[in-house]
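This report concerns only the one structure given below.
The values are calculated or read from the model by the stated rules, or taken from the named source; none is laboratory data. Because the structure is predicted, anything quoted here is derived from the model rather than measured. Positions of Cβ are backbone-derived with ideal geometry, glycine not excepted, and every protein chain shown enters the neighbour counts. All accessible areas refer to the heavy atoms of the entire protein, side chains included, with ligands and DNA or RNA removed. Shrake-Rupley method; radii C 1.70, N 1.55, O 1.52, S 1.80 Å.
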Amino acid sequence: MLKKITLLMTLLALSTSVTAMQQEWRFRVFLDDKEIGYHDFVLQEQDEHRNLKSEANFEYRMLFVKLCGYEHQNVETWSGNCLTGIESSTDANGKPYQVSGSLQGDRFVLSGTAGEAELPSCSMSFAYWNPEFLKQKRLINVQNGEVLDVEVSEPELTQLEVRGEMQPAWRYLLGAGEMKIELWYSENHEWLALETEARGGRRLIYKLL
C-alpha cells in the first residue's frame, strides 16, 4: 500500500513539473482617446521553453471612411530569454510584411521585408512582456525584421491607472530609430501599458483589459 502511495505521489509530481503555465496580456488600443482595436499576447511556458502568440487588429475610421488599418500575427519560440524562432505576417494599410527567423547553430538567422541578417545565438525581439528585453542594446522588429539599436532610460516610479484603479508603476522610455516608446511595469515587473507616437503627432495607447 505504501509503495502504491509513493508511486502515485511521484507521478503527480512529474505531472506538475511538465504542466505548461500560461499568461495573457490583452490590450484595448486607442488612437488618442478613440478606441481602434486590440492587441493580444498569449505566452505558454514549460520549463525553459516559451511559446508566444500575438495578434493585433486596428482600424481607424472617420465619417465611415477607413483612414488606416493594421493586422498583425506573430508566433515566437524562446529558450529562456533567447529567441529560437519567429514567424510573423502584417498588413499595414494594405502593405504586406513578412518575417521569418530561426536558431541555426550558433547564429540566429533572420529574413524579413527589411532584408536578411545573422545575429548572435541569444537575441531578443521587442518582447514587452519580458522586462529582460530592456537590458538589450539591439532588438528585432517583428513587423519587418529590421534590427534596431535601442536606448532605455533608467526607470521612474510613477502612478498609473490600470483597470480603473491607480497603482505604483515603473516607467521606462525606449528609443529605437524614429520610435519613442513609453512602457510601464508593476512593482512585480508585470507589463501594464504602452504608449508611442503615431503619425500626425497622435498617441497610440495600450490599456490592459
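Any residue at all in segment 60-69 that is modelled with pLDDT of 95 or more and open to solvent by less than 80 Å² (accessible area, probe 1.4 Å)? No: segment 60-69 contains no residue that is modelled with pLDDT of 95 or more and open to solvent by less than 80 Å² (accessible area, probe 1.4 Å).
For the residues ARG171, ARG138, ARG202, the requirement of being without any contact (Cβ under 8 Å) to a residue 24 or more places away in the chain, basic (Lys, Arg), farther than 20 Å from ARG26 by Cα and surrounded by 12 or more Cβ atoms within 10 Å (Cβ to Cβ) singles out ARG138. When segment 18-37 is limited to residues that are free of Cβ contacts under 8 Å to residues at least 24 places away in the same chain and assigned to a strand (DSSP E or B), the one that is farthest from LEU83 (Cα to Cα) turns out to be GLU35.
Each residue in segment 113-137 was checked for being outside any loop (DSSP other than H, G, I, E, B) and more than 20 Å from GLU195 (Cα to Cα), and 6 of them qualify.
Inside segment 124-149, residues that are of a type in the set (A, V, I, L, M, F, W, C) and in contact with a helix residue (DSSP H, G or I) (Cβ under 9 Å, 6 or more places away or on another chain) make up a count of 4. Could you go through segment 165-176 and let me know if any residue there is at pLDDT 95 or above, under 21 Å from LYS34 (Cβ atoms) and part of a strand (DSSP E or B). No: segment 165-176 contains no residue that is at pLDDT 95 or above, under 21 Å from LYS34 (Cβ atoms) and part of a strand (DSSP E or B). Here LYS4, LYS34 are screened, and the one residue that is modelled with pLDDT under 85 and either within 20 Å of the chain's Cα centre (by Cα) or more than 19 Å from ASN74 (Cβ to Cβ) (or both) is LYS4. In this structure, LEU110 does not qualify as within 26 Å of ALA198 (Cα to Cα), open to solvent by less than 60 Å² (accessible area, probe 1.4 Å) and at pLDDT 95 or above.
Residue count for segment 177-199 satisfying the condition of being modelled with pLDDT of 95 or more and open to solvent by less than 50 Å² (accessible area, probe 1.4 Å): 12.
For (1) surrounded by 14 or more Cβ atoms within 10 Å (Cβ to Cβ); (2) in contact with a Gly (Cβ under 9 Å, 6 or more places away or on another chain); (3) of a type in the set (Gly, Ala, Ser); (4) not in a loop (DSSP other than H, G, I, E, B), each residue gets a yes or a no:
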position: GLU76; (1), (2), (3), (4): yes, yes, no, yes
position: GLY85; (1), (2), (3), (4): yes, yes, yes, yes
position: VAL99; (1), (2), (3), (4): yes, yes, no, yes
position: VAL142; (1), (2), (3), (4): yes, yes, no, no
position: GLU154; (1), (2), (3), (4): no, no, no, no
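Scanning segment 87-97 for residues that are open to solvent by 40 Å² or more (accessible area, probe 1.4 Å) and either within 15 Å of the chain's Cα centre (by Cα) or of a type in the set (A, V, I, L, M) (or both) returns GLU87, SER89.
All conditions in (1) open to solvent by 70 Å² or more (accessible area, probe 1.4 Å); (2) within 15 Å of the chain's Cα centre (by Cα) hold for GLU118, with the sole exception of (2).
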